[in-house]
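Okay, structure first, notes after.
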Amino acid sequence: MRLKIMAQPILRFVFTIIAAVGIAILWFFSFQNAVWADDKPKRVVAIGGSVTEIIYALGEQDRLIARDATSVFPKQATELPSVGYIRRLSPEGVLSVDPDLIIALDGAGPPEAVDVLNSAGISLRTIPEVYNKKGIIAKIESVGDALGASDKAKAIIASVEKDFDQLAKTTARLNTKKRVLFVLSAASGKILSSGTNTAANAIIELAGGENIITAFEGYKALSDEAIITAAPDVILMMDRGGNHAIDDEALLKHPAVALTPAARTKSIVRMDGLYLLGFGPRTARAALELSEALYAQETQ
């Protein structure tokens, strides 16, 4: 009987120790889970308009501390400090905001600036830029992965795919292709246009049009003869200001442009630059809007 009485305090003590150890173990793993769950970059710099747009679409904008000059959508993004133009970055400017993650579109530079950022030990995630549906989806996936928001990215991708389905149905009904000349700028009377392997070429094709400049890749100045020979039905431009701006009347009076079918019908389409060429979550809708503008007379 006495042994049983003495054993009770010992058992209580043992149970107390076990319980304390169990609580400690639970606390430890709870703490670790909290740390791991919170182990995400909190000071993010976005370089590339579509990158910034995707971050806002993901609802992760609270982590953004700076952006580049092309990041102008949504409007709230313009309230963030700018670290310069995507292809003319200053590493000192980027480092001055003390980021723990930089998400940049492929092509950000110059290369020596990127080398400095890499050598600074800051995580730099490069996002591939491919001008098609798969490229947009890959871009959203990459940004979502970089931010630890892959589940949110899946929801955006589902919406983007639905928009592309609608675009495909619309363009499938077109019987002819409008011949489109994309004009990047017309400074000093020189028409700078888009060839192949560009965002402009891709968006024209997505909209069911035909980019009439195929003799070169990238953007180059056209001769008057090339413009007249190309004979565009429609001229497509970004809605922009500054040194590259030219109003419709002045463009239609250009000696070469004035001799094109587009000038005779005064067919000029202008769209916001990032919306038109950004190749982000809104691109399918932009292509649909462009298609409607190109073929407006046929659908009336």
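The values are calculated or read from the model by the stated rules, or taken from the named source; none is laboratory data. The shown structure was predicted, so the numbers you read here are calculated from the model rather than taken from an experiment. Virtual Cβ from ideal backbone geometry, glycine too; neighbours counted across all protein chains shown. Ligands, DNA and RNA are stripped out before the accessible areas are found, and what is left, the full protein with its side chains, is counted by its heavy atoms. Shrake-Rupley method; radii C 1.70, N 1.55, O 1.52, S 1.80 Å.
Things to note:
- Taken together, the criteria exclude residue 167 from residues that are of a type in the set (A, V, I, L, M), open to solvent by 10 Å² or more (accessible area, probe 1.4 Å) and at pLDDT 95 or above.
- Residue check, residue 150 among the hydroxyl-bearing types (Ser, Thr, Tyr), without any contact (Cβ under 8 Å) to a residue 60 or more places away in the chain, under 30 Å from residue 61 (Cβ atoms) and open to solvent by less than 80 Å² (accessible area, probe 1.4 Å): yes
- Lone unmet requirement of (1) over 17 Å from residue 262 (Cα atoms); (2) touching a Leu at 6+ places or on another chain (Cβ under 9 Å) for residue 218: (2)
- For the condition assigned to a loop (DSSP other than H, G, I, E, B), aliphatic (A, V, I, L, M) and either open to solvent by less than 20 Å² (accessible area, probe 1.4 Å) or out of contact with any Phe, Trp or Tyr (no Cβ under 6 Å at 6 or more places or on another chain) (or both), residue 86 qualifies.
- Checked against the criterion of being part of a loop (DSSP other than H, G, I, E, B), of a type in the set (Ser, Thr, Tyr) and on the phi < 0 side of the Ramachandran plot, the stretch 96-108 contains one or more residues that satisfy it.
- Within the stretch 239-269, the set of residues being modelled with pLDDT of 95 or more and either open to solvent by less than 10 Å² (accessible area, probe 1.4 Å) or closer than 19 Å to residue 289 by Cβ (or both) comprises 256, 257, 260, 262, 267, 268, 269.
- Filter pass, residue 70 being among the hydroxyl-bearing types (Ser, Thr, Tyr), at pLDDT 55 or above and at negative phi: yes
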